[in-house]
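See below for the structure under consideration.
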Amino acid sequence: MSNTGLLLLLGVVGVLTYLYRYAMIGLFASRSLPVWLHALCRHIAPASFAALTASALFVTAGEVTFAFDTPRPWAALVAVLVAWRTRNVLATIAAGMAALYLFKFLASLLLAG
Amino acid sequence: MRLPSRLGEFLAGCRDESPLLLGVAPFGMIYGIAALAAGVPAWIAQLASAVVFAGAAQLVIVQMLAAGAGFVPIALTSGLLNLRHMLYSASMAEYVRHLPRRWRLLLAYVLTDEAYAVAVLRYQRRDAPPADAPDYRHWYFLGAGFTLWVGWQLSTAVGLVFGATIPPEWELDFAVPLTFIALLTLLLRERAGQAAAVVAGAGALLFAALPYKLGLVAAILLGLVAGAWTVHRLERAR
């Protein structure tokens, strides 16, 4: 994306985000949030993170590729296990990166041998 | 007990927000590193931290840029993700409604996840000032938000400096999906959220071929439908 495109994107997302934050304390200060919006908000984060994770791991250039001969899906699996056991964000990121380096190292040994 | 002054409240807000910076700083650094890896110029990445000032959305933006997504899908996805700030806004409304407009305009700018979490606790504490005494708790809110803002800008800058020196072979951009995995695990407490995540994840693969990564938007919307449907079904089963 061009720099102009990026700046425009920032502008749109920035203004939108600010409007959300100002909405109920300024724009609609006398009203309460609709129940359906409340319910919707709860599911946006899990849906977004799941879609992005699945896409980051298994989609390359618009095609679904289960590349289980590369380190990333396996490192992600380690991260899932650590996240599930510890519920600790930093431990999960650290374990995932460590697993990535370990698997890359093992793969290089295999290729060299 | 002496009532806290404006400065006293502001500094208390700064103090109580500080521990949260330990958790926020790594995200800022990961964001900075991933932004450079996605081809975003450093000055635009830093500007984004000031303009958007929302960690999860900024990580989503750079992840989608790296995947070659187009303008509209990125704006839709990050716009949708930030909708939750309306919840914070609604929750804060009763505490800041009486303030002059310029205060509410300012506080809206710092109404992020972490500042909200600290500020709302101050308002819910029992030692509220008596009705006839001046209420300076919005200074506390501002102190918390200001501290988070400074921490976010600095950690972004550190990430940008690091990102410019670390070779791409370190694959630090992989920290972004790892962050999503970690946050996802924390969010999957209830059945409806799990349904939303599973359907959205499957949808991302199903719609992978759609241009400009519009498939991600479709997948997230499908996940929201699945979440809503699960809530509806659970309510009927009760």
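Checked across segment A:21-31, the condition of being surrounded by fewer than 21 Cβ atoms within 10 Å (Cβ to Cβ), within 7 Å of chain B (Cβ to nearest Cβ) and not in a helix (DSSP H, G or I) holds for at least one residue. Within segment A:55-76, which residues are free of Cβ contacts under 8 Å to residues at least 12 places away in the same chain and assigned to a helix (DSSP H, G or I)? Correct list: A:55, A:56. Applying the condition of being over 14 Å from residue A:53 (Cα atoms) and more than 8 Å from chain A (Cβ to nearest Cβ) to segment B:211-220 and asking which residue is most open to solvent (accessible area, probe 1.4 Å) yields B:212. Candidates in segment B:11-26 are the residues that are open to solvent by less than 40 Å² (accessible area, probe 1.4 Å) and among the hydrophobic types (A, V, I, L, M, F, W, C); of these, the one that is nearest to the chain's Cα centre (by Cα) is B:24. Only one of the numbered conditions (1) open to solvent by less than 70 Å² (accessible area, probe 1.4 Å); (2) more than 8 Å from chain B (Cβ to nearest Cβ) is not met by residue A:81, and that is (1).
Residues that are of a type in the set (Phe, Trp, Tyr) and either touching a residue at least 24 places away in the same chain (Cβ under 8 Å) or over 19 Å from residue B:62 (Cβ atoms) (or both) do occur in segment A:86-103.
Of all residues in segment B:192-210 being in contact with a helix residue (DSSP H, G or I) (Cβ under 6 Å, 6 or more places away or on another chain) and in contact (Cβ under 8 Å) with a residue 24 or more places away in the chain, which is most open to solvent (accessible area, probe 1.4 Å)? Among residues in segment B:192-210 that are in contact with a helix residue (DSSP H, G or I) (Cβ under 6 Å, 6 or more places away or on another chain) and in contact (Cβ under 8 Å) with a residue 24 or more places away in the chain, the one most open to solvent (accessible area, probe 1.4 Å) is B:199.
The listed residues are B:37, B:69, and the only one of them that is touching a residue at least 40 places away in the same chain (Cβ under 8 Å), more than 10 Å from chain A (Cβ to nearest Cβ) and under 26 Å from residue A:60 (Cβ atoms) turns out to be B:37. Determine, yes or no, whether residue A:72 is open to solvent by 30 Å² or more (accessible area, probe 1.4 Å) and over 19 Å from residue A:100 (Cα atoms). Here the answer is no, as residue A:72 does not meet what is asked.
Inside segment B:143-174, residues that are under 17 Å from the mean Cα position of the chain (by Cα) and either free of Cβ contacts under 8 Å to residues at least 60 places away in the same chain or within 14 Å of another protein chain (Cβ to nearest Cβ) (or both) make up a count of 7. A single member of B:179, B:147, B:156 is open to solvent by 10 Å² or more (accessible area, probe 1.4 Å) and modelled with pLDDT of 90 or more, and it is B:147.
The set of residues in segment B:104-139 that are among the hydrophobic types (A, V, I, L, M, F, W, C) and either farther than 15 Å from residue B:9 by Cα or out of contact with any helix residue (DSSP H, G or I) (no Cβ under 7 Å at 6 or more places or on another chain) (or both) comprises B:105, B:106, B:108, B:110, B:111, B:117, B:121, B:128, B:131, B:133. Say we look at segment A:59-78 and pick out the residues that are within 7 Å of chain B (Cβ to nearest Cβ) and over 14 Å from residue B:174 (Cβ atoms); which of these is nearest to the chain's Cα centre (by Cα)? So, considering only residues that are within 7 Å of chain B (Cβ to nearest Cβ) and over 14 Å from residue B:174 (Cβ atoms), the one nearest to the chain's Cα centre (by Cα) is A:59. Taken together, the residues in segment B:41-54 that are buried (at least 23 other Cβ atoms within 10 Å of the Cβ) and not hydrophobic (A, V, I, L, M, F, W, C) amount to 1. When you scan segment B:180-190, do you find a residue that is within 9 Å of chain A (Cβ to nearest Cβ) and either touching a residue at least 24 places away in the same chain (Cβ under 8 Å) or in contact with a Leu (Cβ under 7 Å, 6 or more places away or on another chain) (or both), even just one? Within segment B:180-190 (the criterion being within 9 Å of chain A (Cβ to nearest Cβ) and either touching a residue at least 24 places away in the same chain (Cβ under 8 Å) or in contact with a Leu (Cβ under 7 Å, 6 or more places away or on another chain) (or both)), the answer is yes, since at least one residue qualifies. Between B:206, B:234, which is farther than 14 Å from residue B:60 by Cβ, in contact with a strand residue (DSSP E or B) (Cβ under 9 Å, 6 or more places away or on another chain) and not small (Gly, Ala, Ser)? Sole residue among the options that is farther than 14 Å from residue B:60 by Cβ, in contact with a strand residue (DSSP E or B) (Cβ under 9 Å, 6 or more places away or on another chain) and not small (Gly, Ala, Ser): B:206.
The values are calculated or read from the model by the stated rules, or taken from the named source; none is laboratory data. All values derive from a computational prediction rather than experimental measurement. Counting neighbours? That spans all protein chains shown, and the Cβs are built from the backbone with ideal geometry, glycine included. For accessibility, only protein heavy atoms count, side chains too; no ligands or nucleic acids. Shrake-Rupley method; radii C 1.70, N 1.55, O 1.52, S 1.80 Å.
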